[in-house]
Amino acid sequence: MEEKREYLTKQKYDELVIELKDLKNAKRKEVAEALDYARGLGDLSENAEYHEARAQQANIEERILKLELILKNATVVEDRHGDHAMIGSTVTVEKSDGKKRTFMIVGSAESDISADKLSNRSPIGQAVLGKKKGESFSFSSPSGTMSYKVVDIK
């Protein structure tokens, strides 16, 4: 798996550490108990409880590996206030039609469009990085070329 630097806020980093600890300790134990119970029911080839527990175990182990990789490659960023857009900045942009949008630039592991957290790897995230207040930028999207102007950076 390709290792890429992940940018996380301190809050998100802490959340992922807690989730990883819970998966390794509590969830693994729960699945092990479910597997023991299912084995006790007899024939494993037609044992739905056993197959469900194995699938749950696989999902937990996959999530543990993903979290370990993210945390291993994590760079914790604080909210950034400066004259140009960077990871951790809250940026307000204006489309050519006058519509404004404000979002925080975050790492891909933390992106959540419903919470106005936009990935630095998204087309608009990549295009706005390094821009200063008043600068215009554009990027390609599935609906064509989009043009914006940076209105504010916090």
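Just so it is clear, none of the values below were taken in a lab; they were calculated from the coordinates. Note that the structure is predicted; figures quoted are calculated from it, not measured. Ideal geometry is used to build each Cβ from the backbone, glycine not excepted, and the neighbour counts take in all protein chains shown.
Under 8 Å for C-alpha pairs, at least 6 residues apart: give me the relative contact order for the range 79-153, rounded to a whole percent.
Normalised by residue count, the contact order of the range 79-153 is 32 percent.
Going through the range 1-37, which GluC sites (Glu not before Pro) have at most 16 other Cβ atoms within 10 Å and a DSSP loop state?
GLU2, GLU3
Based on the Cα atoms of the chain, what semi-axes does the equivalent ellipsoid have, where each is the square root of 5 times one gyration tensor eigenvalue, given in whole Å with the largest first?
Details: eigenvalues 378, 58, 26 Å².
With the √(5λ) rule applied to the chain, the semi-axes are 43, 17, 11 Å.
If one takes the longest principal axis of the Cα atoms in the chain, at what angle in degrees, from 0 to 90 and to the nearest 10, does the Cα axis of helix 28-39 lie?
Its long axis makes an angle of about 40 degrees.
Choose one answer from ASP116, ASP79, ASP36: the residue with the largest mean-square fluctuation in a GNM of the chain with alpha-carbon springs under 10 Å.
Comparing ASP116, ASP79, ASP36 in the GNM, the peak value goes to ASP36.
Running Debye on the range 100-139 with equal point scatterers at the Cα sites and no solvent, what base-10 log of I(q)/I(0) appears at q = 0.19, 0.33 Å⁻¹?
-0.52, -1.18
State the percent of C-alpha pairs, over all pairs in the range 6-76, separated by a distance greater than 13 angstrom. Don't jump to the answer; show the numbers that get you there.
Details: 1652 of 2485 pairs.
Roughly 66 percent, rounded to a whole number.
Hey, what did the chain get for relative contact order, percent, Cα under 8 Å, at least 6 apart?
23 percent
Quick one: how many lysine pairs in the range 79-153 have C-alpha atoms under 12 angstrom apart, if they're 8 or more apart or on different chains? List each step's numbers first, then the result.
Details: LYS95/LYS149; LYS99/LYS149; LYS100/LYS149; LYS131/LYS149; LYS132/LYS149; LYS133/LYS149.
Close lysine pairs under the 12 Å cut-off: 6.
Placing +1 on the Cβ of each Lys and Arg and -1 on the Cβ of each Asp and Glu in the range 79-153, which of TYR148, SER89, ILE124 has its Cα farthest towards the positive end of the resulting dipole?
Of TYR148, SER89, ILE124, it is TYR148.
Would you work out if the range 79-153 is rounded, prolate or oblate? Take a ≥ b ≥ c from the square roots of the eigenvalues of the alpha-carbon gyration tensor; rounded if a/c is under 1.5, else prolate when a/b is larger than b/c, oblate otherwise.
It is oblate, given that a/c is not under 1.5 and a/b is not larger than b/c.
Exposure proxy check: MET146, MET104 ranked by fewest other beta carbons within 10 Å?
Going from least to most buried by this count: MET146, MET104.
Would you mind counting up the charge near GLN11? Only other residues with Cβ under 14 Å from its Cβ, with Lys and Arg at +1 and Asp and Glu at -1.
-4
Counting only other residues whose beta carbon sits under 15 Å from that of LYS99, what net charge do I get with K and R as +1, D and E as -1?
Its environment carries a net charge of 0.
Quick one: give the max-minus-min coordinate of the C-alpha atoms of the range 51-122 along each principal axis, largest first, in Å.
Dimensions of the range 51-122 along the principal axes of its Cα atoms: 55, 27, 15 Å.
Pull up the cross-link candidates among the lysines for LYS29, meaning alpha carbon to alpha carbon under 16 Å and not fewer than 8 places away within one chain.
Qualifying lysines at Cα under 16 Å: LYS21.
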